[in-house]
Amino acid sequence: MPGSRASVFGEPEDFEEALRADGVTALLVTSREQFRARLTQISLDRLHLASVEEEVARVALVAVPANTILVSWPIGDRPAPVWGGIEMRTGEMLTLGPGNRVHARTGGSCRWDTIRLPDKELLCYGRALWGPSFFVPPAPAVWRPAPAAGRHLAQLQRAAIRMAEARSGALTNAEAARGLEQQLIYALIQCLSSGPAAQETSAGRRHRCILARFDDLLRADASLGRVEFCAELGISERLLRACCREYLRIGPNRYVRLQRMQQVHRALRSGTPGAASVSEVARRHGFRDPGRFASNYRAVYGELPSATLRRSSRGITPLSLHRPV
């Protein structure tokens, strides 16, 4: 059944959870600004639409769900998110095939839209409308649709988002929702009909996979250091640094430290770290110096870790509003 939801977020973990169905498995804020984001989501029969407005720099790990194509494009003149090291310009689109794992980073304020749909249905519709040559590669690819086709798709998506945010009853009308979906599918196929303008290189795929495995190791074992990470990955420290700089825009040491700091923050914010003290929670996530940890934590989150735990135990959380539409 068609439905929609508009949300505003003051905590990255809530934003991450809201984007879970779109493949976001982890999200890390890389700046010291207060996190702020707005998200509108629409579910139709075959399509799932999302429109996102963000204000701070972050890195997200996106794992495209099985049997799914994810399509994204930037909105307006703000810098676009960088997906797997691929930078998009205004008027360009990105496709990600099933199972791809990509780090998507932003440098600050940005707006972007996505469409998610079954890969077999997109292929079926595309070949029915444009012939047997219609094809969307499974690897990340950039497309440059004809300006009129790109504008048409963006206008349809914007109209759907406006209806959702205005609580319009149009999206709950089955016939109207079905008509909107058909228009969106046709417009999307028009945008993809000329083939990709650029595709991921073999080196790019290798580096992207290295970083995805690096993330797996980071979450699995808090005791690993850079030497151990490289040994497990079978690469040099130089290559790990190069991959992080290219795809994340931060070095591996800072990335590991921020990830582990975030894990502690989430444990303390949940208010249920067990009977463990703050220092025990910090040690569990790889921090051995309590004083230095507390200082670094305060620099990132604006308060001491004990304050986060006290605030959470009283049930006080930053703004995170979800409004079904």
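Readers should treat all values here as calculations from the given coordinates under stated rules, not as data from a laboratory. For clarity, every value in this text was computed on a predicted model and none was experimentally measured. As a convention, Cβ positions derive from the backbone with ideal geometry for all residues, glycine included, and neighbour counts pool all protein chains shown.
Table for the structure above
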{"read-out": "Global geometry of the stretch 151-309, whether rounded, prolate or oblate, following the gyration tensor of its Cα atoms and the 1.5 cut on a/c", "value": "oblate"}
{"read-out": "For residue 36, distant residues with modelled amide H under 5 Å away", "value": "55, 56"}
{"read-out": "0 to 90° range, to nearest 10: angle between helix 202-220 axis and the chain longest Cα axis", "value": "40"}
{"read-out": "Relative contact order computed over the stretch 3-199 (Cα-Cα under 8 Å; 6+ residues apart), in percent", "value": "21"}
{"read-out": "For the stretch 3-199, with +1 on Lys and Arg beta carbons and -1 on Asp and Glu, the positive-most of 149, 166, 123 along the dipole", "value": "149"}
{"read-out": "Interchain or long-range residues, amide H under 5 Å from residue 26's placed H", "value": "61"}
{"read-out": "Only Lys, Arg (+1) and Asp, Glu (-1) charged, at Cβ; the stretch 66-214 dipole about Cα centre in debye", "value": "360"}
{"read-out": "Formal net charge of residues neighbouring residue 279 (Cβ-Cβ distance under 13 Å; K, R +1; D, E -1)", "value": "+2"}
{"read-out": "Residue-by-residue Karplus 3J(HN,Hα) for the stretch 16-23, coefficients 6.51, -1.76, 1.60, Hz, glycine and proline x", "value": "4, 5, 5, 9, 4, 5, 8, x"}
{"read-out": "Rounded if a/c under 1.5, otherwise prolate or oblate - the chain, Cα gyration tensor axes", "value": "oblate"}
{"read-out": "In sequence order, calculated HN-Hα J values of the stretch 142-153 (Karplus, 6.51, -1.76, 1.60; Hz; x Gly/Pro)", "value": "9, 10, 10, x, 4, x, 5, 5, x, 5, 4, 4"}
{"read-out": "Amide H partners (placed H, <5 Å) of residue 103, local residues excluded", "value": "62, 84"}
